[in-house]
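Here is the structure we will look at, set down as structure tokens.
The values are calculated or read from the model by the stated rules, or taken from the named source; none is laboratory data. This one's a predicted model, so the numbers in the text were calculated from it and none came from an experiment. Cβ: placed from backbone, ideal geometry, glycine included. Neighbour counts: every protein chain shown. Heavy atoms of the whole protein, side chains included, go into the accessibility calculation; ligands, DNA and RNA do not. Shrake-Rupley method; radii C 1.70, N 1.55, O 1.52, S 1.80 Å.
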Amino acid sequence: MVTRERPTLEAVARRAGVSRATVSRVVNGSTTVAVTIRDAVNAAVKELGYVPNQAARSLVTQRTESIALILPETANRVFSDDLFFPAVIRGVSQELDAADKQLVLMMAGSPASHGRVERYAMAGHVDGVMFASMHGADPLPGALFRLGIPVVCSGRPMLPAESPVPYVDVDHFGGVAQAVAHLVALGRRRIATIAGPQDMVAGVDRLNGYRAALEEAGLRGHVAVGDFTRDSGVRGMNDLLADDPDLDAVFVASDMMAHGALQVLKDKGRRVPDDVAVIGFDDFEISRYSDPPLTTVRQPIVDMGRTMARQMLGLVDDDRDVPQSVVLATELVVRDSA
């Protein structure tokens, strides 16, 4: 069998009638080469089927053309039935694919994995690092940021002021306040909540939005805390009913928890929305098909991923116009459950 020899940079230079250095500049994305020469080089590259040597190219550009997305969760959590993670990954992938960048997905659900991620990024294996689903005052984003590595977080990080890491978030507070105001307008007066985890900004902001809306309406709250999973919605709804059997509405801080709450209400013979109105947060596609269809606060999760990736690409290119923070709007989607 005859093996076809791989085209070289020199062969492209001969075909285009230019120097090897000129071909190298064009292949590595230089904008200082005249358009006519660039077109000739690109035509030669296509004709010969030249594929750049990525290792050599990285030595020239000091880039790997790879971006890491870190999920500080266990594999069991990421690959569960929670649709948040695939939506974020889809948004990030769409933007990086369009920019011809490679996505490196890493999970960091333990102290040991945190150390591994830090060593990987510091070794220069990626051009930047994005974080999603962060818990607490995770020191890793700030540590990488201080080392000069481009970092973007999905969700406002719980970091000290001296570590101003760029982030993309949604209006959790405003979205929840609108949802609770909707319940009040329906005449509900015993409005409980199953809040999200209080070591996450999303969980804290959504609980604060609930409390502010109840305070404005002159109502007292009933709070259970979950972790955004279906099972914690089941536990939270059982706890709330035990605490206040006469509650007539519940705001649930994620659609997955809301599905667990709906199941408990059905099992206990509570009609939704006649006896208890239910509102979730996310607007996953499955919420259109729950029984009854779930009223929820829509957050643009795919757009969060895309916006985060665009921020990262700007930081890698040293674009000084990259915003420090982006907060996307939420929207109340009214269906049959409230």
> Candidates (1) 1.18; (2) 0.96; (3) 1.12; which is the computed Rg/Rh (Cα atoms, Kirkwood Rh)?
Replying inline: (3)
> What are the semi-axes of the equivalent ellipsoid for the range 107-211, taken as the square roots of 5 times the Cα gyration tensor eigenvalues, largest first, in whole Å?
Replying inline: 35, 13, 10
>> With every protein chain kept in place and ligands, DNA and RNA left out, what is the accessible area per residue of the chain? Probe 1.4 Å, answer in Å².
In response: 48
>> What are the ³J(HN,Hα) couplings of the range 123-128, residue after residue, when phi is run through the Karplus curve with 6.51, -1.76, 1.60 and θ = phi - 60°? Round to Hz, x for glycine and proline.
In response: 6, x, 6, 9, 8, x
> Taking a spot 7 Å from the Cα of Asp321 along the direction of its beta carbon, which residues of the range 74-104 have an amide N less than 11 Å from it?
Replying inline: none
> Among Gly155, Gly124, Gly109, whose mean-square fluctuation peaks in a Gaussian network model of the chain (Cα, cutoff 10 Å)?
Replying inline: Gly124
> For Ala217 and Arg271 in the same chain, what is the full-extension length gain: residue separation times 0.36 nm, less their Cα-Cα distance, in nm?
Replying inline: 17.0 nm
>> Quick check on packing: order 186-197, 312-323, 239-250 by the mean number of other C-beta atoms within 10 Å, highest mean leading.
In response: 186-197, 239-250, 312-323
> GNM on the chain, C-alpha springs below 10 Å: top fluctuator among Phe251, Phe79, Phe173?
Replying inline: Phe79
>> Loop only by DSSP, 16 or fewer other Cβ within 10 Å of the Cβ. Give me the trypsin sites (Lys or Arg not before Pro) in the range 241-280 that pass, ordered by residue number.
In response: Lys268, Arg271
> So in the chain, what percent of DSSP beta bridges are antiparallel if you round to the nearest 5?
Replying inline: 10
>> Once you place label points 7 Å from the Cα toward the Cβ at Leu83 and Asp246, how far apart are they in nm?
In response: 3.7
> Using 20 Å as the cut-off for backbone N distance, which residues of the range 231-254 belong to the label zone defined by a point 7 Å from the Cα of Tyr289 along Cα→Cβ?
Replying inline: 231
> When only alpha-carbon atoms count, how far does the range 150-205 stretch along each of its three principal axes, as whole angstroms with the largest first?
Replying inline: 48, 17, 16
>> Suppose the chain between Ala98 and Gln263 were pulled fully straight at 0.36 nm per residue; how much longer would it get relative to their current alpha carbon spacing?
In response: 55.3 nm
>> Solvent-accessible area of His259, probe 1.4 Å, all protein chains present, reported in Å² to the nearest ten, please.
In response: 30
> Counting Lys and Arg as +1 and Asp and Glu as -1, each charge on the Cβ, what is the dipole of the chain about the Cα centre in debye, to the nearest 20?
Replying inline: 1160
>> Only Cα pairs within less than 10 Å get springs; with that Gaussian network setup on the chain, which residue of Glu65, Glu216, Glu95 has the largest fluctuation?
In response: Glu216
>> Taking amide H atoms as placed 1.01 Å from N in the peptide plane, list the residues 5 or more away in sequence, or in a different chain, whose amide H sits under 5 Å from that of Val104.
In response: Ile67, Ala68, Leu69
>> What is the distance in Å between the Cα centroid of the range 131-193 and that of the range 256-288?
In response: 24
